[in-house]
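First the structure, in the form of structure tokens, and then the observations on it.
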Amino acid sequence: MKFEIRNRFSHEIVLRGEAESLRHFLARAKASVPDMCGADLPAANLVGIDLARIDLRGANLSGSNLTRADLLEACLAGCNLTRANLTCAKLTGSDLTDANLTGADLTMAILEGATLVNADMYWTVLTGASLKGADLSQANLAKSNLTVADCSEADFFWADLGGTNLTMANLTRATLTVANLSKALLTMADLSGATLAGADLSGADLSEANLTGADITETNLIGANLAGARLLGLDLTKAKR
């Protein structure tokens, strides 16, 4: 099969050649062309592909199937990954700054230490994903699903998590300073040692959540459900109630 991949912005040819499939073509081309910035690859079948440490800044991968793909330390800044399937993908240390992940499926994906600053992750599925130590400051995660996700030590500074499902999520020692968590579901979530200073948790469900040792200075807890929550070491007078 013949393939011709163009830059989504300039329409210039980035890659041209033949292979039995697009996945094999890209995997083979990676060694000689590590820079695929702006590549236009919508709805591509890239299941299990090895694109570790590749430069795909600004690429269009919307609707693509990247299940189990190896994107270790890849540069995906500004990428269009809307509705992409990244189930079980390896994204450890990857750069997804300003990426659009709206509606993407990242179930069980590994994003440890990844940079997702200002990423658009509205309605994204991150069930069981590992975001340990990831930087999600100013990211839009509204209405996303992070059920049982590992977000320990992650940075959610000024992130939008309004209406997000964080049921049983691990948020130990996470930074949620001035984050929006209004009406978020945090049932049985572990927020021990988390920084929630100035965060908006109005109307959030924190029933049976663990808030031991969390910083709730100026945290908005108006209308929040704290039934059965562990509040050891918390000074509720510092919060807005």
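The values are calculated or read from the model by the stated rules, or taken from the named source; none is laboratory data. Source: prediction; values computed, not measured. Here the Cβ is made from the backbone with ideal geometry for all residues, glycine too, and neighbour counts use every protein chain on show.
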ask   = Among the residues of region 182-241 satisfying the criterion of being crowded, with 16+ Cβ neighbours inside 10 Å and of a type in the set (Asp, Glu), which is farthest from residue 145 (Cα to Cα)?
value = 215
inquiry  = It is to be established whether one or more residues within region 178-191 are at pLDDT 95 or above and under 26 Å from residue 76 (Cα atoms).
reply    = yes
ask   = Quick check: is even one residue across region 153-175 more than 22 Å from residue 221 (Cβ to Cβ) and surrounded by fewer than 24 Cβ atoms within 10 Å (Cβ to Cβ)?
value = yes
Residues located in region 16-39, provided they are buried (at least 19 other Cβ atoms within 10 Å of the Cβ) and either touching a residue at least 40 places away in the same chain (Cβ under 8 Å) or assigned to a strand (DSSP E or B) (or both) = 39
ask   = Looking at region 97-106, is at least one residue outside any loop (DSSP other than H, G, I, E, B) and over 25 Å from residue 167 (Cβ atoms)?
value = yes
inquiry  = I'd like to check something: does region 127-138 contain any residue that is of a type in the set (S, T, N, Q), touching a strand residue (DSSP E or B) at 6+ places or on another chain (Cβ under 6 Å) and closer than 13 Å to residue 180 by Cβ?
reply    = yes
